[in-house]
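Let me begin by presenting the structure, written as structure tokens, before commenting on it.
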Amino acid sequence: MSQALLDALAAHEGIVCAVGAGGKKSLLYRLLSAHSGRVGLTASAMSAPPPRRLVDWRGIESAQVLDEQIPRAAMTHRRLAFACPSEKSGRVSGLAVEQIARLHTQVPFDLTLVKADGARMRGIKAPGPHEPLIVPGTQTLIYVVSAGVIGARLNADNAHRPERLAECLDMQLNERITSAHIGALLAHPEVIHQNAGQAQVIALINQVDNAERRALARAAAESAMMARRPPARVVLGAMTATNPLVDIVA
């Protein structure tokens, strides 16, 4: 199952950035655990520090100190997490995207996993004009949305930047989100493809943890793949489940 997940999300090598909402951290932790090579786990945006149990070495230091520490740590450790300190309690600051790109090559890492935006714990989001912070040379961009928002109302309780989402999806605030709306989101050039550059874009509908959600997510995925500019594929998953890979729509 680990190899199947890495295959589905094109996360065997290179730099992989996770964006969107509804389980970016659980996705990155799952990929970290699944990969057998030297993996770096970091962020280009504000984040929570990764659990120590998931990594062999964790550094939360200034960018300059990390430049010195990470190559040395990689000589004896396989899974490394690193970020900069933050004044906010329980949070860490991201690294500059240029530093992440340089460390990926310098160490070198087989795979560098990057949380590239924030979503304030919501299940769906639209990017701001400055987002996402994609690392130069990113091979795969994974856009995440939660299946749990299908059927919910579009408002600040479950969405980050609901007004922008309403504009992009031709919706009204407090209108119920449908599978068709999620399909449109996953093919929207100013949402899923924003700042993607040359990266392969893969959509992940996460939290597909029952039969009803699977049917709704499958309908959303099929709608996305019929759009003018679809992602490379849509993966249905439940990243905290024993078997995280549910389905693939390509």
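Condition first: over 20 Å from the mean Cα position of the chain (by Cα) and either closer than 15 Å to Gln106 by Cβ or part of a strand (DSSP E or B) (or both). Now tell me which residues in region 27-57 satisfy that.
Answer for region 27-57, where residues must be over 20 Å from the mean Cα position of the chain (by Cα) and either closer than 15 Å to Gln106 by Cβ or part of a strand (DSSP E or B) (or both): just Trp57.
Restricting to region 209-250, and then to whatever is small (Gly, Ala, Ser) and farther than 18 Å from Ala21 by Cα, can you tell me which residue is surrounded by the most Cβ atoms within 10 Å (Cβ to Cβ)? Full working, then the answer.
Going residue by residue through region 209-250, those that are small (Gly, Ala, Ser) are 211, 215, 217, 219-221, 223-224, 227, 232, 237-238, 241, 250.
Then drop every residue that is not farther than 18 Å from Ala21 by Cα, which leaves 211, 215, 219, 223, 227, 232, 250.
Numbers: Ala211: 8, Ala215: 14, Ala219: 17, Ser223: 22, Ala227: 14, Ala232: 15, Ala250: 12.
Once the filter is applied, the top-ranked residue is Ser223.
Return the pairs, sorted by first residue and then second, in which the second residue is among the aliphatic types (A, V, I, L, M) and loosely packed, with under 15 Cβ neighbours inside 10 Å, the first residue lies in region 40-53 and is more than 9 Å from Phe82 (Cα to Cα) and touching a residue at least 12 places away in the same chain (Cβ under 8 Å), the beta carbons are less than 8 Å apart, and the residues are 6+ apart or on different chains.
From region 40-53, the pairs are Ser44/Ala96.
Identify the residue in region 87-109 that is assigned to a helix (DSSP H, G or I) and of a type in the set (D, E, K, R) and, among all such residues, is surrounded by the most Cβ atoms within 10 Å (Cβ to Cβ). Step through it out loud before you land on a result.
Let us first name the residues in region 87-109 that are assigned to a helix (DSSP H, G or I), namely 97-106.
Of the ones still in play, those that are also of a type in the set (D, E, K, R) are 98, 102.
Values: Glu98: 11, Arg102: 16.
So the residue we want is Arg102.
Is one or more of the residues making up region 73-83 assigned to a loop (DSSP other than H, G, I, E, B), of a type in the set (Val, Ile, Thr) and in contact with a Cys (Cβ under 9 Å, 6 or more places away or on another chain)? Don't jump to the end; show me each part of the working.
So in region 73-83, the residues assigned to a loop (DSSP other than H, G, I, E, B) come out as 74-78.
Pick out the ones that are also of a type in the set (Val, Ile, Thr) and you get 76.
With in contact with a Cys (Cβ under 9 Å, 6 or more places away or on another chain) added as a condition, the list becomes none.
No, region 73-83 contains no residue that is assigned to a loop (DSSP other than H, G, I, E, B), of a type in the set (Val, Ile, Thr) and in contact with a Cys (Cβ under 9 Å, 6 or more places away or on another chain).
Give all pairs with beta carbons closer than 8 Å in which a residue from region 223-238 that is outside any loop (DSSP other than H, G, I, E, B) meets a residue that is of a type in the set (D, E, K, R); count only pairs at least 6 apart in sequence or on separate chains.
Short answer, once both residue conditions are applied: Met225/Arg233; Val235/Asp247; Leu236/Arg214; Leu236/Arg218; Leu236/Asp247.
Tell me yes or no: at least one residue of region 121-132 is modelled with pLDDT of 95 or more, out of contact with any strand residue (DSSP E or B) (no Cβ under 6 Å at 6 or more places or on another chain), in a loop (DSSP other than H, G, I, E, B) and under 25 Å from Gly14 (Cβ atoms). Please lay out each step first, then the result.
From region 121-132, those modelled with pLDDT of 95 or more are 122-127, 131-132; that's our starting set.
Next, from what is left, pick out any that are out of contact with any strand residue (DSSP E or B) (no Cβ under 6 Å at 6 or more places or on another chain): 126-127, 131.
Those still in the list that are in a loop (DSSP other than H, G, I, E, B) too: 126-127, 131.
Filter once more, keeping what is under 25 Å from Gly14 (Cβ atoms): 127, 131.
Yes, region 121-132 contains a residue that is modelled with pLDDT of 95 or more, out of contact with any strand residue (DSSP E or B) (no Cβ under 6 Å at 6 or more places or on another chain), in a loop (DSSP other than H, G, I, E, B) and under 25 Å from Gly14 (Cβ atoms).
Taking interchain pairs and intrachain pairs at least six residues apart, which have beta carbon atoms under 6 angstrom, with the first residue in region 119-135 and farther than 18 Å from Gln198 by Cα and the second modelled with pLDDT under 95 and among the small types (Gly, Ala, Ser)?
Short answer, once both residue conditions are applied: Lys125/Ala119.
The values are calculated or read from the model by the stated rules, or taken from the named source; none is laboratory data. Not measured: the values here are computed from a predicted model. Ideal geometry is used to build each Cβ from the backbone, glycine not excepted, and the neighbour counts take in all protein chains shown.
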